[in-house]
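The values are calculated or read from the model by the stated rules, or taken from the named source; none is laboratory data. In this text, all values refer to a predicted model and were calculated from it rather than measured experimentally. Note that each Cβ is placed from the backbone with ideal geometry, even for glycine, and that neighbours are counted across all protein chains shown. The area values use the complete protein model at the heavy-atom level, side chains included, leaving out ligands, DNA and RNA. Shrake-Rupley method; radii C 1.70, N 1.55, O 1.52, S 1.80 Å.
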Amino acid sequence: LVRAQQDSFLHFINDEVDGVLWTLSKHSYALPKELHVADIRPALDWEYARSMDILETRLGDKDYVMGDTFTVPDIILGHCLMWGISAKMPMPQPSLRAYVDRITARPAYLRAHAIRKSG
């Protein structure tokens, strides 16, 4: 049951969060300019905001995706949420901002971030 819940969350993150962010990226720089859809942003903002509402409900009051333990879905979700913040996607939920703060305050994250900045 736990593995199924984890897999469900991973699929949600990949489909509903990462997918929207990657579509935004494709239409911003990855696709040839002649294939960019200039007016796609409002639809992506709507999709992302809807996903953030669902995510807020799914996370509930847990510290991490699977409860008190930091797991693989947290790595992927943390990455996606930080990507969304840098892309100025809608995330008004204070609980999700607090989740990002928890992820980025972890010692392993801080070490990895320091390595990335120094290289």
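Going by what's in this entry, would residue 45 be described as in contact (Cβ under 8 Å) with a residue 24 or more places away in the chain and touching a helix residue (DSSP H, G or I) at 6+ places or on another chain (Cβ under 7 Å)?
Here the answer is no, as residue 45 does not meet what is asked.
Can you pull out the residues in the stretch 12-36 that are in contact (Cβ under 8 Å) with a residue 12 or more places away in the chain and among the aromatic types (Phe, Trp, Tyr)?
Answer for the stretch 12-36, where residues must be in contact (Cβ under 8 Å) with a residue 12 or more places away in the chain and among the aromatic types (Phe, Trp, Tyr): just 12.
With (1) closer than 30 Å to residue 2 by Cα; (2) of a type in the set (Asp, Glu); (3) open to solvent by 70 Å² or more (accessible area, probe 1.4 Å) as the list, and residue 74 as the residue in question, which single condition is left unmet?
Unmet condition: (3).
Test each condition in (1) within 30 Å of residue 29 (Cβ to Cβ); (2) in contact with a helix residue (DSSP H, G or I) (Cβ under 6 Å, 6 or more places away or on another chain); (3) of a type outside the set (Asp, Glu) for residue 75 and report the one that comes out false.
Only one criterion in (1) within 30 Å of residue 29 (Cβ to Cβ); (2) in contact with a helix residue (DSSP H, G or I) (Cβ under 6 Å, 6 or more places away or on another chain); (3) of a type outside the set (Asp, Glu) is unmet by residue 75, namely (2).
Kindly provide the set of residues from the stretch 96-112 that are of a type in the set (Lys, Arg), closer than 16 Å to residue 63 by Cα and in a helix (DSSP H, G or I), ordered by number.
Of everything in the stretch 96-112, those that are of a type in the set (Lys, Arg), closer than 16 Å to residue 63 by Cα and in a helix (DSSP H, G or I) turn out to be 97, 102.
Does residue 78 satisfy the criteria of being under 17 Å from the mean Cα position of the chain (by Cα), modelled with pLDDT of 95 or more, among the small types (Gly, Ala, Ser) and at positive phi?
no
Could you count how many residues in the stretch 16-46 are open to solvent by 50 Å² or more (accessible area, probe 1.4 Å) and under 15 Å from residue 81 (Cβ atoms)?
2
Could you tell me whether residue 53 is over 22 Å from residue 40 (Cβ atoms) and either surrounded by 18 or more Cβ atoms within 10 Å (Cβ to Cβ) or modelled with pLDDT of 95 or more (or both)?
It is false that residue 53 is over 22 Å from residue 40 (Cβ atoms) and either surrounded by 18 or more Cβ atoms within 10 Å (Cβ to Cβ) or modelled with pLDDT of 95 or more (or both).
Of all residues being loosely packed, with under 10 Cβ neighbours inside 10 Å and among the polar types (S, T, N, Q) in the stretch 79-119, which is farthest from residue 18 (Cα to Cα)? Just the residue, please.
Filtering the stretch 79-119 for residues that are loosely packed, with under 10 Cβ neighbours inside 10 Å and among the polar types (S, T, N, Q), the one farthest from residue 18 (Cα to Cα) comes out as 118.
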